[in-house]
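Have a look at the structure below before the remarks.
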Amino acid sequence: MSPWSEQRRKLLNILLGTSVGATLVAILYPILKFMIPPEVIEATQTSVVAGRVNELPPNSGKIFKFGNKPGLLVRTPTGEYKAFSAVCTHLDCIVQYRPDLRLIWCACHNGQYNLSGKNIAGPPPRPLEEYAVNIRGEEIVVSKM
Amino acid sequence: MRVETWRSWLDERLGTEAIREFLRRKEVPIHRHTIWYYFGGMTLFLFVVQVVTGALLLLYYRPSAEAAFESVQFIMTEVEFGWLIRSIHSWSANLMIATLFIHMFSAYFMKAYRPPRELTWVSGTLLLVLALAFGFSGYLLPWNKLAFFATKVGTDIAGDVPLIGPFLLRFLRGGEEVTGATLTRFFGFHVAILPGVTTIVLTLHLILVQKHGMSIPPSLEGARVRTMKFFPNFLLRDLIGWVLAIGALAALAAPFPWGLGEKADPFAPAPAGIKPEWYFLFLFQTLRLLPARVGIFEGEVVGVTLFLLGALFWMLVPFLDQPASRGWRSRFFTGLGVFIVLYIAVMTIWGYLA
């Protein structure tokens with residue numbers, strides 16, 4: 001091969017290589033972007049009606065929807081209302097109120113929280129997030145602190 | 001490890017040397033009709049595009065009457081490049097049917113179905129049926145008005161098939177009416193059953209093509225035909241075909257994004273101008289031209305029966321075209337092919353304008 005045609009071959013290889021590369025990028029970039037889910041903007045709720053006053057007897061609890069997350073409303077044995085995030089701080093399970101133990105309990109790994117939401121036994125690393133409870137007429141209103 | 005060591009390691013386990021040897025020997029004839037050999041590869045390439053874009057759409061699509069339309073809307077408006085992926089899926093589907101038709105008729109006119117390639121032809125016609133089923137089932141998935149009514153009409157026509165019609169209608173619709181149950185079913189057909197069956201038939205088709213090599217048209221048989229190596233010469237030319245297909249896709253999908261229309265409402269009257277996809281138009285137009293009654297039979301039943309017989313005939317052409325299989329000229333089948341192409345063309349244009 002003459003040096004001239006060798007150079008020409010080199011140039012052609014560069015042109016071919018870059019256009020193949022550019023084509024691959026043009027195909028792969030949209031595919032990768034497509035696979036990343038778009039952020040869904042949600043109106044952040046700061047308070048919600050969790051229940052009605054005479055719904056819960058003392059020493060019981062119920063799950064309510066706080067935006068797209070579950071919350072736990074507890075009426076303590078003394079009749080006081082308490083509200084927490086129902087998402088266990090261990091591995092995201094949903095906790096429940098155990099009237100027999102008078103505790104908040106997570107069934108997944110036997111995590112336990114007291115009625116202030118503090119983690120007292122089992123694997124949970126942090127207390128549950130606590131919400132403020134206000135009674136407005138018949139409604140129990142729970143809001144973020 | 002050195003490349004040679006890797007190569008022999010793989011060869012001992014996978015028998016790759018046999019494949020390499022096969023590729024070294026495989027040749028493609030060069031003659032004035034060679035161009036038609038590229039359409040099979042192009043169809044295969046577009047099918048791969050369908051698999052890739054279809055798998056991507058599955059990341060966001062929700063197959064239910066309540067959520068399907070909204071999820072496609074979400075893909076088109078919220079997901080990055082979602083409009084492009086969906087548009088490519090729709091355009092590529094249509095281009096694939098087009099190249100499939102070109103591939104089929106070129107094989108027909110070059111009499112590529114002669115022995116020993118009869119089963120290649122039969123498997124090809126099965127792939128056509130599967131491609132049409134893909135098109136019909138995929139059309140409903142966005143759950144828009146046009147698709148809803150096209151599915152109503154299409155499944156109603158299936159109900160006219162003699163003997164098994166009523167069963168077929170219930171089977172396709174998942175009940176008496178087109179409802180969310182139909183959507184779930186079509187989704188299952190589209191993303192699970194049809195891909196599974198297609199994988200098997202397509203594999204068979206491709207193995208047969210490899211086993212028998214490219215067919216040389218009868219007019220050139222006996223003459224000295226030059227050949228080129230399949231690898232890399234023909235494959236690189238194939239690659240150009242695929243690049244052209246990508247170009248065509250980009251040129252169509254980006255400036256003409258596929259529309260979504262309005263959400264289907266089972267209790268709203270059908271909008272004007274309900275038409276099936278273009279590849280069903282010639283069937284649709286034929287049925288429309290038939291009188292309500294032909295003798296003692298319903299016109300539609302007669303039409304559907306004739307089409308089914310026609311499809312069966314088309315599938316069995318290799319066994320019916322005896323002159324061609326003996327190496328004689330078979331003017332009748334060539335003429336018949338010309339008639340069918342003209343018939344489809346005229347009916348499609350007529351249906352489009354009507």
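Below are the figures for this structure:
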{"read-out": "Cα-derived Rg over Rh, computed across segment B:108-165 with Rh taken as Kirkwood radius", "value": "1.17"}
{"read-out": "Estimated FRET transfer efficiency (B:Leu235, A:Leu24; beta-carbon r; R0 25 Å; 0.05)", "value": "0.90"}
{"read-out": "Convex hull volume of segment B:32-149 per residue (C-alpha atoms, cubic angstrom)", "value": "115 Å³"}
{"read-out": "Average beta carbon contacts from partner chains per residue of A:25-33, 10 Å cutoff", "value": "3"}
{"read-out": "Helical segments meeting 30 Å axial Cα length and Kyte-Doolittle -1.0 threshold in chain B (DSSP H)", "value": "B:82-109, B:118-140, B:331-353"}
{"read-out": "Ranked by how many other beta carbons lie within 10 Å on average, peptides B:291-300, B:339-348 from highest", "value": "B:339-348, B:291-300"}
{"read-out": "Between A and B, accessible area buried - total, square angstrom, nearest 100, 1.4 angstrom probe", "value": "1000 Å²"}
{"read-out": "Distance in nm between pseudo-label sites at A:Lys65 and B:Glu21 (7 Å out along the Cβ direction from Cα)", "value": "6.7 nm"}
{"read-out": "Largest-first ordering by accessible area, 1.4 Å probe, given options B:Asp321, B:Asp160", "value": "B:Asp160, B:Asp321"}
{"read-out": "A:Arg98-A:Glu129 FRET efficiency (beta carbon distance; Förster radius 22 Å; 0.05 resolution)", "value": "0.70"}
{"read-out": "Per-residue average of Cβ from other chains inside 10 Å of B:74-85", "value": "4"}
{"read-out": "Estimated 222 nm signal from helices in the protein assembly as shown, with DSSP H stretches of n ≥ 4 weighted -39500 (n - 2.57), rounded to 500", "value": "-17500 deg cm²/dmol"}
{"read-out": "Contact order relative to length of chain B, as percent, for alpha carbon pairs under 8 angstrom and 6 or more apart", "value": "26 percent"}
{"read-out": "Protein accessible area in chain B, 1.4 Å probe - carbon and sulfur %", "value": "71 percent"}
{"read-out": "FRET E, pair B:Glu66, B:Arg224, Förster distance 56 Å, beta-carbon r, rounded to 0.05", "value": "0.25"}
{"read-out": "Cα gyration tensor of chain B - equivalent ellipsoid semi-axes, whole Å, descending", "value": "37, 29, 18"}
{"read-out": "Rg(Cα)/(2.2 N^0.38 Å) for segment A:1-76, N = residue count", "value": "2.77"}
{"read-out": "Overall dimensions of segment B:223-354 by Cα: Rg and Dmax, Å", "value": "21.8, 67"}
{"read-out": "Å² per residue, accessible surface of chain B at 1.4 Å", "value": "55 Å²"}
{"read-out": "With DNA, RNA and ligands ignored, accessible area of B:Leu59 (1.4 Å probe; Å², nearest 10)", "value": "100 Å²"}
{"read-out": "Rounded if a/c under 1.5, otherwise prolate or oblate - chain A, Cα gyration tensor axes", "value": "prolate"}
{"read-out": "Paired Rg and Dmax values of segment B:154-227, which use every Cα atom, in angstrom", "value": "20.8, 61"}
{"read-out": "Volume in Å³ per residue [convex hull over Cα atoms, computed for the protein assembly as shown]", "value": "281 Å³"}
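The values are calculated or read from the model by the stated rules, or taken from the named source; none is laboratory data. For clarity, every value in this text was computed on a predicted model and none was experimentally measured. Cβ: placed from backbone, ideal geometry, glycine included. Neighbour counts: every protein chain shown. Note: accessible area is taken over every heavy atom of the protein model, side chains too, but ligands, DNA and RNA are not part of it. Shrake-Rupley method; radii C 1.70, N 1.55, O 1.52, S 1.80 Å.
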